[in-house]
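A short worksheet on the structure shown next.
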Amino acid sequence: MIKDMGDSAGEMLEAAGAKNIRTYAHPSAPRWALHEAGTARMGSDPKSHCAESISADARREKLVRMDASGFTSNPCQNPTLTIMTLCVRSCDYLMGAMKRGEI
């Protein structure tokens with residue numbers, strides 16, 4: 001997959017007019033820079049977006065997301081602690097909703 005990413009990046013650069021392109025796709029360890037994120041588009045219209053906030057799902061009333069799918073981009077640092085923090089906040093929300101009898 002990493003080789004394909006390098007090849008695709010080179011093709012995009014070439015299509016944009018870049019010359020002398022040399023891609024690098026030899027990681028030092030397996031999964032060295034893999035942080036999947038940004039697959040759940042956020043917005044207020046459920047027809048074009050699947051998430052109302054970083055954790056709430058617009059189409060499923062009782063579904064709460066606890067991952068990086070709502071991130072608009074990846075930071076230059078590992079996002080794991082941010083994901084864990086959002087998970088704790090989501091768990092607090094769910095526990096409160098359960099205690100109130102909402103779910």
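The values are calculated or read from the model by the stated rules, or taken from the named source; none is laboratory data. Fair warning: this is a prediction, and the values are worked out from it, not measured in the lab. Calculation scope for accessible area: heavy atoms of the full protein, side chains included, ligands and nucleic acids excluded. Shrake-Rupley method; radii C 1.70, N 1.55, O 1.52, S 1.80 Å.
Any residue in segment 42-50 that is modelled with pLDDT of 75 or more, within 15 Å of the chain's Cα centre (by Cα) and not small (Gly, Ala, Ser)?
Yes - at least one qualifying residue is present in segment 42-50.
Among the residues of segment 75-88, which ones are open to solvent by 100 Å² or more (accessible area, probe 1.4 Å) and modelled with pLDDT of 85 or more?
Within segment 75-88, LEU81, MET84 meet the criteria.
Only residues that are over 12 Å from HIS35 (Cα atoms), charged (D, E, K, R) and assigned to a loop (DSSP other than H, G, I, E, B): list them for segment 63-93, please.
Within segment 63-93, ARG65 is the sole residue that qualifies.
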